[in-house]
Amino acid sequence: MENRAVDLSAIERIEAARTAQITGAARPAKVVAEGVDVYYGAKHALKDVSVDVPDRGVMAFIGPSGCGKSTFLRCINRMNDTIPSCRVTGKITIDDQDIYDPALDVVQLRARVGMVFQKPNPFPKSIFDNVAYGPRIHGLSTNKTELDQIVQMSLQKAGLWEEVKDRLQDSGTSLSGGQQQRLCIARAIAVSPDVILMDEPCSALDPIATAKVETLIDELRSQFCIIIVTHSMQQAARVSQRTAFFHLGTLVEEGPTQLIFTNPKDQRTQDYITGRFG
Amino acid sequence: MTVTYFAALCALTLAAYIIAVRRSSAIANTANGRQRLHSLPTYHGLLAASLVIFPMIAIFALGSPILSHEAATNALSHFPADVQADAMRAGATLRDIRNLAAGQHSGEASDALRAAADSYNSTSTQGAYILLAAGIAAALLGIAIAFRLISPQFRARNHFEKVVNVVLIACAAVAILTTIGIVASVLTETLRFFFDPHIKGRPTVTDFLFGTEWNPQAAMRADQGDIKTAYGFLPLLTGTLLITFIAICVAGPLGLLSAIYLAEYASPKVRAYGKPVLEILAGIPTVVLGFFAALTVAPMIRGFGQYLGLDVASESALAAGLVMGMMIIPFISSLSDDVINAVPQSLRDGSAALGATKSETIRQVVLPAALPGIVSAFMLAISRAIGETMIVVMAAGLAANLTFNPLEAVTTITVQIKTLLVGDQEFDSAKTLAAFALGFVLFFVTLMLNVIALRIVRKYREQYD
Amino acid sequence: MTDAAHSTLPTAALIASRRNSPANAALVKRRYAAERRFKAFGIGALILTGTFLLALLTNIVGKSIPAFFEHTANLEVKLDPAVLAPDGKVDPATLKSADYASLTRATLMSIVPGIEGRAARKSLSGVLSSGAADELRRRVVADPSLIGQTIKVPLLLSDDGDLYMKGQDAGASSVPGIGTVTPSDIKGSITLTSTDGAFKSLVDDLTKAGVPKDADTGAIVLNSNLPSRLVAINGGLVKLQSVTPDGATGNVLLSLKGNEAASGPAWQQTTYSVPEGRRKTNDQDVAIIEKVKETGAIQKGINWRFFTSGDSREPELAGIRGALVGSALTLLVTLVLCLPIGVLAAVYLEEFAPKNRLTDIIEVNINNLAAVPSIVFGLLGLAVFLNFMGLPRSAPLVGGLVLALLVLPTIIIAARAAIKAVPPSIREAAIGLGASRQQAVFHHVLPLAMPGIMTGTIIGMAHALGETAPLLMIGMIAFIVDIPGSLTQAATVLPVQIYLWSDLPEVAFQQRTAAAIVVLLAFLFAMNGAAIWLRSKFERRW
């Protein structure tokens, strides 16, 4: 019964999103970047990037390697803070809140902005503890039953529950690569983030596992604002509703995915999607 | 004599090399134009040199023990048969003879001893000449063979490389020979300690392992005192473990926390100062730490204890344990530093991306991931602490108290080995053999700890490679 | 799943709202506090470790400093022909064995008059070192024409005298006496009587300090836990034992010239403020040293002897040269053995060894050998080199052998790492030019790996230099005065010397132990510094 209720709402949301996408009347922007520049020491890695990421749905960042798409992604949850030489200027807001505001707490920001990495990186703990890690450190459950529920719900959302429900105490590293990546997604959604960042989440996976993860992303877009960096244009076309093309540290073009792939405005985008460089 | 032999060895080796190089060069430049040699003259020379050097070393290595055995037998024949039969007395007499022969004898020498020393000297001298002659003969034979072998087709380089290969293998085998030597020497003496019927006062294996009294010194005055000789190992074990435990209590947290700080928090500048501190500490000889423990730390603890109204022994386990803890801080920190650095960055990123603070990441992700490595670091540190000698020799006591009170004096395995073996005593007494039995236990325990620790580390490395 | 569970099922919205609740803000605060605490623990651990090191180094360096200085008394000694050349002719053998100590004693007697009795004579001879006359002997033997003259010679103080000069003194001070005092005798136990209350101020002082009066006699009795009170009168010195305002009893330390009354500033009241019970030197010693000190003859100089002489039972004569030479010889043997063997073994294991069980065993074996307690190597040396092979005890040869086996694993491991760091392209280039595998390794790879190997070797040698325990096992613990001249002569090494001295009760030996440690650490730091320099200079990134 429970499941059906969720399904119904999901369908409604997907419909709404599709309508919005087709009509172009997008939902209000969730993440807004204005004039973002990133420097690694003297190197100017990202130049004057401005982009609006709508709430709910998937936005893809594409571009040749070294174009700055991952760098930009890591600005959104301030993971660049861990690199000493990195300097970010400009303004990024999530829900109209400046995330580079000194008063803002980066720990709480990251609880709102989940991230999935290129290589699956489950912690060397049990599957349960992997998913429970976020809720535990952020104090999101008041008792053990609730925690169990959160873990179950997250694993269900990540489409992993059926596969692991009998071995929740096994090590997270004992899963296959695709399962590990879905575990990492479950881990990220366990804290109910507003935004999920995915940094080439399928590049270390085989095609079958990739298909599963892509399906999962498609299912999640109704509930989360997802930003995915990918080197595969096909993947961008398959999973995203909007696409941004990065080249040499600048944002060249951004728009609905279909438009970018069928009718790019910029010559560089045209060259990239037709395979002239990449 | 040894000097002469090795001088001859050097001269003949050089001669062989020169002769072979000359000869092969001459063949190369024969009358009917330049004949091509298979190998360069140098290789002919090196092969000839190795035909001299190895036989000569072999003759010396084999001949010397035979010679000294012969000299000893001849010298001992000046003494009555019962002296020769009793291994212990024969050994003692032989030491006297050798000392007298070397001119280092203290005190008045008996006639028999003098005669024996003379015979020892003459046998040695004669034998040395025979050895020298044999060596030179072998060398000349080697030169002759090498000379005959030289021809354009002769593959001197390949042959020499085979020789080199054997030398390389021999060098690598030294490590194995060392281990065999340790095991053989320690094990045979240990077996004698338990099973040789000639040894007076030897304990049974059970007495040794489970006895609670350790009093080997009584062996010296067995005829006069009521104190019973006892070789109960337990007090030494508890003493060793007590001091090791204190040391780990000091070094474990300090070493681990320092490693965590240096690996995870410290800026490059702090690392540049922090690491040398640990390296310097690691490089300080333990005799220095022992001096510090005995003359500074122990009186300090004693004074502090008196201030608190406690009765602290002047050689308390606490002082030795504290300073030993200082000694093993660098071990734990550098090994832990390695394993913490081996934890993939992706795990830290994953945790940080979930909004964990740095310390949460370290405590809940990095340390559990590094746990096997840290465990093995602690095991290696424990093995170091158990085997450490000088700190406990200088700062811990000699009395074997079966206690777990850190304020009392305890003794350790290594202290007892040192005490039993240092000083003038008969080699074949139960007392000295007991030291070897302790050495065996020490070797066995540390070896086990190391093997297990290294295996864990290896597994751990494979996991993240 | 029960219905109850259903009702409390947290929804995504609930979780999100919890995340932003004020309760959560408090949690974040607590988490950051935990973060700061954890970091503080880390810094604290590092600082505590650093403090340990600093305490160790300052403690030892502080203790060592006095040992690098010595005090000599620059005295005029009359080279009495009656002692040096009894029958009027100068004979080198007689000169060498003559009783120079009697000459220095005569000099001291002339400086410190009033030496009477055994105790005083013993104290007198305790001022100078038993080796003080050696300098005199050296000069006379070198130049016999000095006999009959009076020459000024620096005479070494004994360790107690030296320490007295280095600040462990009695805190002597004098004030002129008031009133008239008459001594009853010139030596032995005497009484000092006064008709005008000469000792009244002293009695007042002592009463103020809380020293009780004897119930029977009404006199204040002094003891060794109180500052010593003395009276310098008529050229002599009396140590007081009991005092009343009108008189005192005491023992004569330096005998008086006469027993006539002295008044006013002609007699002095002297105080040794450090009680006798807390000094190494008794009042008799102090009286004599203070007299010598008054002449201004005592000079401070650098203790070169510490570096140029061997061990001695007398701390002021003991030096570390024997131990240094022993260490050098031992390390020479170690280096000669373990450098070639270590490098060749590393070459074999890294370049030629087939991948099989035996190679595996050797590898594991080397790693384990590196962690075997050093004392076990001592047992090996004792059983194999001394008992089985019959090599001489205490010899640098055996010490070097044992240490070579001890550091061999270190050197093999370092050499292997250095060889491994040379990229395979070098090997392939050489082999491609037609070199044999051995030629490629010995001509190309090994020279490139040499800096790394040398670094490892220096560190291994530093380790060997500081090693003590295995050398105790093979008997390098004997008391050896002579500087060892060969590999088979009995010798000791620096760390063992430190161990031997640290066991001795004399304060001066403790200082010398610290000084020897400073020398040892200086060598170790220099070696490690050289290794670091070598690494940074020749480090190559491929």
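The values are calculated or read from the model by the stated rules, or taken from the named source; none is laboratory data. Quick caveat: nothing in here was measured; it's all calculated off a predicted structure. No Cβ is skipped: glycine too gets one built from the backbone with ideal geometry, and neighbour counts run over all protein chains shown. Just the protein is used for accessible areas: all its heavy atoms, side chains included, with ligands, DNA and RNA removed. Shrake-Rupley method; radii C 1.70, N 1.55, O 1.52, S 1.80 Å.
Might you tell me the accessible area per residue for the range C:189-268, computed with a 1.4 Å probe and given in Å²? Present the calculation step by step, with values, prior to reporting the outcome.
Details: 3750 Å² over 80 residues.
I get 47 Å² per residue for the range C:189-268.
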Residues in the range A:185-232 that, when all protein chains are in place, have 40 Å² or more less accessible area than the chain alone would give (probe 1.4 Å): A:Ser192
Angle between chain C longest axis and helix C:321-347 axis [Cα atoms, degrees, rounded to 10]: 0
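State, as an integer percentage, the relative contact order of the range B:2-154 based on alpha-carbon contacts under 8 Å between residues 6 or more apart.
Values: 158 pairs, mean separation 57.9, N = 153.
Relative contact order, the range B:2-154: 38 percent.
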B versus A: buried accessible surface, summed, Å² (probe 1.4 Å, to nearest 100): 1500
At 1.002 mPa s and 20 °C, Stokes diffusion of the protein assembly as shown via Kirkwood alpha-carbon radius, µm² per second: 56
Tilt relative to chain A, helix A:144-157 - C-alpha long axis, 0 to 90 degrees, to 10: 50
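Within a 10 angstrom radius of each residue's Cβ in C:16-29, how many Cβ atoms of other chains show up on average? Whole number is fine. Let's see the in-between values first.
Details: counts 7, 1, 8, 13, 3, 2, 0, 1, 5, 2, 1, 5, 8, 1.
Partner-chain Cβ atoms within 10 Å, mean over residues of C:16-29: 4.
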Radius of gyration and maximum dimension Dmax of the range B:2-154, Cα, Å: 23.2, 77
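Just checking the output field for A:121-134: average partner chain Cβ neighbours within 10 Å of each residue's Cβ? Don't skip to the answer; put the middle values down first.
Numbers: counts 10, 3, 10, 11, 4, 0, 0, 0, 2, 1, 0, 0, 7, 7.
Neighbouring Cβ atoms belonging to other protein chains average 4 per residue here.
Among B:170-181, C:213-224, how do they line up from the highest to the lowest mean number of other beta-carbon atoms within 10 Å? Could you put the intermediate results ahead of the total?
Details: B:170-181: 18.8, C:213-224: 13.5.
Ranking, from highest mean packing down: B:170-181, C:213-224.
Which whole number gives the average, over all residues in C:119-129, of C-beta atoms from other chains lying within 10 Å of the residue C-beta? Before the final figure, lay out each step's value.
On the way: counts 0, 0, 0, 0, 0, 0, 0, 0, 0, 0, 0.
Rounded to a whole number, the mean comes out at 0.
With a 10 Å radius around each residue's Cβ, average the other Cβ atoms per peptide and rank C:532-539, C:132-139, highest first. Please list the in-between numbers first.
On the way: C:532-539: 12.6, C:132-139: 18.6.
The packing order, highest mean first, is C:132-139, C:532-539.
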Tail beyond 23 Å, pair distance distribution of the range B:229-461 (Cα, percent): 55
Over 32 Å between alpha carbons, listed pairs C:Lys208/C:Lys280; C:Lys89/C:Lys257; C:Lys166/C:Lys213: C:Lys89/C:Lys257; C:Lys166/C:Lys213
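Using only Cα atoms, what Kirkwood radius does chain C have, in angstroms? List each step's numbers first, then the result.
Working: mean 1/r = 0.0331 Å⁻¹.
In chain C this quantity evaluates to 30.2 Å.
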The range B:185-209 residues near the modelled C:Asn387 label - backbone nitrogen below 16 Å, point 7 Å along Cα→Cβ: B:185-203
Which listed pairs, of B:Lys162/C:Lys420; B:Lys459/C:Lys355; A:Lys119/C:Lys420; C:Lys239/C:Lys293, have C-alpha distances above 21 Å, in listed order: B:Lys162/C:Lys420; A:Lys119/C:Lys420
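What order do you get for C:473-480, B:3-10 when each peptide is scored by the mean count of other beta carbon atoms within 10 Å, highest first?
On the way: C:473-480: 21.5, B:3-10: 13.9.
Top of the packing list down: C:473-480, B:3-10.
Would chain B count as rounded, prolate or oblate if I go by the C-alpha gyration tensor, calling it rounded below 1.5 in a/c and otherwise prolate when a/b exceeds b/c, oblate otherwise? Could the numbers behind the result be given before it?
Values: a/c = 2.89, a/b = 1.26, b/c = 2.30.
Oblate shape, in that a/c is at least 1.5 and b/c is the bigger or equal ratio.
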In range of the label at C:Asn259: residues from the range C:169-213 whose backbone nitrogen is under 12 Å from the point 7 Å along Cα→Cβ: C:182-193
Distance histogram for the range C:316-356 (every C-alpha pair counted, 10 angstrom bins, percent rounded to whole numbers): 25, 27, 21, 15, 9, 3, 0
Under 30 Å from the Cα of B:Lys200 - lysines, other chains or at least 8 residues apart: B:Lys228, B:Lys418, B:Lys431
Gyration tensor verdict on the range A:105-214 (Cα atoms; rounded if a/c is under 1.5, prolate if a/b is larger than b/c, oblate otherwise): oblate
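Given the DSSP H assignment, sum -39500 (n - 2.57) over each helix run of at least 4 residues in chain B and divide by its residue total; what's the result at 222 nm in deg cm²/dmol, nearest 500?
Working: 18 runs with 338 residues, N = 465.
Calculated at 222 nm, the ellipticity per residue is -25000 deg cm²/dmol.
Return the Rg/Rh ratio of chain A with Cα-based radii and a Kirkwood Rh. Each step should come with its number before you reach the end.
Working: Rg = 18.6 Å, Rh = 19.3 Å.
My calculation puts Rg/Rh at 0.96.
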Protein accessible area in the range B:360-465, 1.4 Å probe - carbon and sulfur %: 62
Farthest positive-ward along the range A:107-157 dipole, Cα basis, beta-carbon charges - from A:Phe123, A:Val107, A:Thr145: A:Val107
Among A:Gly63, A:Gly114, A:Gly139: highest mean-square fluctuation, GNM of chain A, C-alpha pairs under 10 Å: A:Gly139
All lysines inside 19 Å of C:Lys39 as judged from Cα atoms, apart from same-chain residues fewer than 8 positions distant: B:Lys269, B:Lys275, B:Lys358, C:Lys29
In Å², nearest 10: area of C:Asp204 left accessible to a 1.4 Å probe: 70
Choice from A:Phe246, A:Phe72, A:Phe261 with maximal GNM fluctuation in chain A (Cα, 10 Å cutoff): A:Phe261
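Only helical DSSP H runs with n ≥ 4 go in: add -39500 (n - 2.57) per run for chain C, normalise by residue count and round the 222 nm mean residue ellipticity to 500 deg cm²/dmol. If you can, show how the numbers build up before the last one.
On the way: 21 runs with 282 residues, N = 542.
Here the helix-only value at 222 nm equals -16500 deg cm²/dmol.
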Pairwise Cα inverse-distance average, inverted: Kirkwood Rh of the range C:172-278 (Å): 13.5
Residue-averaged [θ]222 nm for chain A, counting only DSSP H segments that reach four residues, each worth -39500 (n - 2.57): -12000 deg cm²/dmol
C-alpha long axis of helix A:207-220 to longest principal axis of chain A, angle in °: 90
Dmax and Rg, reported as Rg then Dmax, of the range C:317-538 (C-alpha, Å): 19.8, 70
Of C:Lys96/C:Lys152; A:Lys125/A:Lys212; C:Lys152/C:Lys291, those spanning more than 27 Å from alpha-carbon to alpha-carbon: none
